[in-house]
Amino acid sequence: MSFPIQRLRRLRQSQSFRDLVCESNLSVKGLIQPLFVVPGQGIRKEMPSLADNYHLSVDNLIEEAKHIRDLGVPAVLLFGIPESKDEAASSAYASNGIVQQAVRALKKHVPELLVITDVCLCEYTPHGHCGVIRDGYLVNDASLELLIRTTLSHAEAGSDMVAPAAMLDGQIRGMREALDENGFINLPIMAYAAKYASKLYDPFFKEGTQTKLSFGDKRTHQMDVRNSNEAMREIALDVEEGADIIMVKPALFYLDIVCRAKQEFEMPLAVYNVSGEYVMIDAAAKAGRLDRDAVMMEALSCLRRAGANLIITYYAKRAAALLSKAQTLTVTAAQ
C-alpha cells in the first residue's frame, strides 16, 4: 500500500510540536476587560447574566482594577452608569461625571493599567439612543457636538485612549480635530468602525449599562447584519478620518468581517466579544452542555486566528488566569 510523503499529523503528535508550529498565539497582553462604574460607595454588585462582572463604585473599581493588573491584563474599557439622565446627555461630558471620576481614580491608584473610555451617549439619555432625537430620528451633526464634548472631558480626566461607539458619520474626524486642537495630539482613538445592529448586545444594555430604548432601534446608524462590503467602507472612512485602531463588533458571529478587515487594512484590529456571546457560553456551561474554559479559550483563540490583535471580552480575567497557569506549568515541565 502506497502512502503519501506528506503526513500532516507528524507535527500534531504532541503538545510541544503543536506549540512549535502554531500560526497564532493567544496572549494576555492582547486582552481588554470591560468595567462598569456606578455612583456611590461600597458597591460591588454582580450582574446576573454576566457572571464575574460587576457594577462597581469607584472605591471598588480601584480594587478590581488592581486585580486585573495583577493578572497581567494590560487594559480596561470603562463604561459609566450615571446618577441622572437628560435629553442633552449632560452627565456624559460633566467634568465630575461618573466616568471622569473613575478615570482620575484609576490613573492615580493603578497607573500601570491602560484606561480606555467608551464614548457614547445612550447610557446618558432617557430614551436610550446615542444622541439628539428630533421627530423620532437620531440627528447626526447635533449629536456629534455632544460626542466631541464627551471625548474632550475624558481626555481632560486622563483617559489613555477613547473608543467612540455611536457609529455616527464623521465622528472620528470631529474627535480627532478637537483632540488635536486642545493639545491631546498623542491620545489614540479606537474606533467602533464596523459595529452591527445586533441583538447580541441585549445583556449589556439590560444589565451592564441599564439602558432601555423608549422607541425604535439603532438600525439607522449601526450596520445591517447582512452586509460585508459596507463594513469595509465604514472602516476605510474611520481610517481616513484618523482612527488609530479599528474594531469589529460583535466578534464570534463576524469572523468573516474580522478576517477581511485585517487583510484589507493591515492595521491594529480590535474585536468586542460581546455580552450575548459571553452569555451563550456561560449558560451552556451552567447547563452542563459545554466545558466553559475549553470553549472560552477556543473562541478567543479563533478571534486571534482571524486577525484580532486586541480582544475586548468579559472573559479577560478568567482567560488571563488560565494563560498564566498554562505558562507556569510549561516552565515547571521544562525545568
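The values are calculated or read from the model by the stated rules, or taken from the named source; none is laboratory data. Keep in mind that what you see is a predicted model, and the values were worked out from it rather than measured. Neighbour counts are summed over all protein chains in view; Cβ atoms, including those assigned to glycine, are modelled from backbone coordinates with ideal geometry. When the accessible area is computed, the model is the full protein with side chains, heavy atoms only, and any ligands, DNA or RNA have been set aside. Shrake-Rupley method; radii C 1.70, N 1.55, O 1.52, S 1.80 Å.
Descriptive notes on the structure:
- Estimated FRET transfer efficiency when R0 is 25 angstrom, pair A321-R10 (beta carbons, to 0.05): 0.15
- Mean separation of Cα pairs under 8 Å and 6 or more residues apart, divided by the residue count, gives the chain a relative contact order of 17 percent.
- Normalised by the number of residues in the range 146-300, the mean separation of alpha-carbon contacts (under 8 Å, six or more apart) gives a relative contact order of 23 percent.
- Restricting attention to the chain, close to 20% of DSSP beta bridges with both partner residues there are antiparallel.
- For the range 147-231, alpha-carbon Rg and Dmax in angstrom: 14.7, 40
- For the range 1-115, the Cβ-based charge dipole about the Cα centre amounts to some 760 debye (Lys, Arg positive; Asp, Glu negative; other atoms uncharged).
- Which label in (i) 35, 23, 19; (ii) 51, 22, 18; (iii) 43, 22, 19 gives the computed semi-axes √(5λ) of the Cα gyration tensor in Å: (i)
- Residue pairs exceeding 20 angstrom between C-alpha atoms, taken from K218/K249; K45/K107; K262/K325: K45/K107; K262/K325.
- Both the radius of gyration and Dmax for the range 216-335 are 16.8, 61 Å, in that order, over alpha-carbon atoms.
- Of the residues A157, V73, H55, the one whose Cα sits farthest toward the positive end of the charge dipole of the range 46-167, with +1 on the Cβ of Lys and Arg and -1 on the Cβ of Asp and Glu, is A157.
- Computed from the C-beta positions of A236 and D202, the FRET efficiency with R₀ = 22 Å rounds to 0.15.
- The mean sequence separation of alpha-carbon pairs under 8 Å and at least six residues apart, normalised by the residue count of the range 30-139, gives a relative contact order of 26 percent.
- Accessible area (Å², 1.4 Å probe, nearest 10) - E230: 60
- Within the chain: Cβ-based charge dipole about Cα centre, in debye rounded to nearest 20 (Lys, Arg +1; Asp, Glu -1): 1500
- Cα gyration tensor shape of the range 1-57, rounded if a/c is under 1.5, else prolate or oblate by comparing a/b with b/c: prolate
- Degrees separating the helix 255-265 axis from the principal Cα axis of the chain, which is the longest one: 80
- Legend: distances between Cα atoms for K108/K206; K108/K195; K195/K286; K85/K195; K66/K212; K199/K286; pairs beyond 26 Å are K108/K206; K108/K195; K195/K286; K66/K212.
- Area accessible to solvent at S2, 1.4 Å probe radius, in Å²: 110
- With respect to the chain, whose longest principal axis is taken over its alpha-carbon atoms, helix 140-157 is tilted by about 70°.
- Length, then width, then depth: along the principal axes, the Cα atoms of the range 28-159 run 49, 31, 27 Å.
- Theoretical FRET efficiency, 1/(1+(r/R0)^6), r = Cβ-Cβ of D59 and D180, R0 35 Å, to 0.05: 0.50
- Tensor-based shape of the range 84-133 (alpha-carbon gyration tensor, a/c under 1.5 rounded, otherwise prolate or oblate): prolate
- Accessible area (Å², per residue) of the chain, counting only protein heavy atoms and a probe of 1.4 Å: 48
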